[in-house]
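Comments concern the structure below.
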Amino acid sequence: MNTEKKWTQTEVVALYNKPIMELLYEAATVHRSHHNPNKVQVSTLISIKTGGCPEDCAYCPQAARYHTDVKAERLMSVEQVKAQALAAKANGSSRICMGAAWRNVKDGPEFDQVLEMVRTLNRLDMEVCCTLGMLTENQAQRLSEAGLYAYNHNLDTSAAYYEEIISTRSYDDRLKTIENVRKTNITVCSGGIIGMGESIANRAAMLITLASLVPQPESVPINALVPVAGTPLETMETVSIWEMVRMVATARILLPQTQVRLSAGRTNMSREGQALCFFAGANSIFAGDKLLTTPNPAVNEDMDMFEALGLIPQQPFEKKSQPETVIPEAVQYHDQRERPQWSRPDHRIERNLAKQQQEK
Ligand code: SAM
Ligand code: DTB
Ligand code: SF4
């Protein structure tokens, strides 16, 4: 049973619009009582099947019907995916999310290959996530048996605004896939995008739908629209940092236990802006120079940001194995034992020296 508070849209809009200092304080308080505020999960995306998608999602550069710079590619090999996952692990990622530009999963050799990717990455001691479009209950079960840790399937926006964005599948289709995933051991990752012309009431409604799922999703990505040339949303304005901070803070209050992921759109955010998002309760990011097809901050920039903010990457399976009760003593800003090699000050000095040598 979902024992969380039942929110009304009016309450959530009022929360979102609170004076920012009050909203930040409230969200940070919830955050600290459920999570270590210095730990951030680092996840890397691998686009295992890029472009050529039959759907009409208005934001998406991978939809075949829009004329974008994305070229359709075949499904990657298991070996290629493994090599990228190992590189991501070396850079501090604890989770890999494999994305495919599919409407839905079809049984057959390509799905078998994805199952093999899941089994292979599992052996790397990383959390394995997939986002492959709609799933049947049987397909979700097969992914679970292969050892999948999480499945990402976003609601994207509210039920009321959804038809402005996608016509080729329904909101109920999305909820059905999430339900199919929930019947297995796989954890649920579902969130949305802001900056597509939706109202604050639409944002509130989407968060209420996510918060009403029983149990609530283990992770919720909050994406700022990346407006891509050739898509119907190409001329949308960049989302302001205050909207992002408000959305993250509201998500944190409605979804206290969830990992809230600061997802697409970070290239437009300053380090200070991102720090406010972490303070407001974001505790996960996508790392790596590319999301699926669009740019993301460079790995080195994120390493420097973690260093400057004293953030520590979360270990794989940390949340599942030991839900953290945060006591002040447990909040170790500079616990060297928990840091991966790249974020240790001595390693950073070596890296900077190497950079200086190269520049000479
Ligand atoms: N095809 C599968 C699906 O739609 O579920 C998986 C991949 S799809 C690219 C995953 C998610 O990426 C979308 O649901 C959407 O939330 C996000 N996304 C795609 N394009 C985006 C953009 N231009 N800006 C922000 N988020 C985007
Ligand atoms: C999510 O919510 N955001 C990620 C992941 N889940 C799959 C994808 C963002 C994609 C941004 C556009 C692109 O790079 O193609
Ligand atoms: Fe296809 Fe997914 Fe992009 Fe929609 S979001 S067009 S389903 S790849």
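Figures for the structure shown
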read-out: Amide proton proximity set for residue 259, modelled H, under 5 Å, gap of 5+; value: 219, 220
read-out: Of every Cα-Cα pair in the chain, the percent that sits beyond 29 Å; value: 38 percent
read-out: Under 5 Å, built H, 5+ apart or other chain: amide partners of residue 282; value: none
read-out: Cysteines, the chain, no other Cys beta-carbon under 4.7 Å; value: 53, 130, 189, 277
read-out: Efficiency of FRET between residue 173 and residue 119 - r from beta-carbon atoms, R0 25 angstrom, step 0.05; value: 0.35
read-out: Per-residue [θ]222 nm for the chain (sum of -39500 (n - 2.57) over DSSP H runs n ≥ 4, rounded to 500); value: -12000 deg cm²/dmol
read-out: Ranked list, fewest to most other Cβ atoms within 10 Å of each Cβ, for 207, 309; value: 309, 207
read-out: Local electrostatic count at residue 16 - Lys and Arg +1, Asp and Glu -1, tallied over other residues with Cβ under 11 Å; value: +1
read-out: Karplus-derived HN-Hα couplings along the stretch 104-119 (A = 6.51, B = -1.76, C = 1.60, θ = phi - 60°), whole Hz, x at Gly and Pro; value: 7, 7, 10, 5, x, x, 5, 5, 4, 5, 5, 4, 5, 4, 4, 4
read-out: Förster radius 56 Å - calculated FRET efficiency between residue 317 and residue 65 (Cβ-Cβ, nearest 0.05); value: 0.90
read-out: Cα-Cα over 31 Å, subset of 71/106; 183/319; 5/183; 18/89; value: 18/89
read-out: Rounded to whole Hz, the Karplus (6.51, -1.76, 1.60) HN-Hα couplings of the stretch 217-225, x for glycine and proline; value: x, 5, 9, 10, x, 10, 9, 8, 3
read-out: 5 angstrom amide H check on residue 45, placed H, neighbours 5+ away; value: 97, 287
read-out: Residues of the stretch 242-273 with amide N under 11 Å of a point placed 7 Å along Cα→Cβ from residue 11; value: 254
read-out: Karplus-derived HN-Hα couplings along the stretch 155-167 (A = 6.51, B = -1.76, C = 1.60, θ = phi - 60°), whole Hz, x at Gly and Pro; value: 6, 6, 7, 7, 4, 5, 8, 3, 5, 6, 10, 9, 10
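Where a number appears in this text, it was derived from the coordinates with a stated rule and is not lab data. Given the structure is predicted, the values throughout are model-derived calculations rather than measurements. Note: ideal-geometry Cβ built from the backbone for every residue, glycine included; neighbour counts use all protein chains shown.
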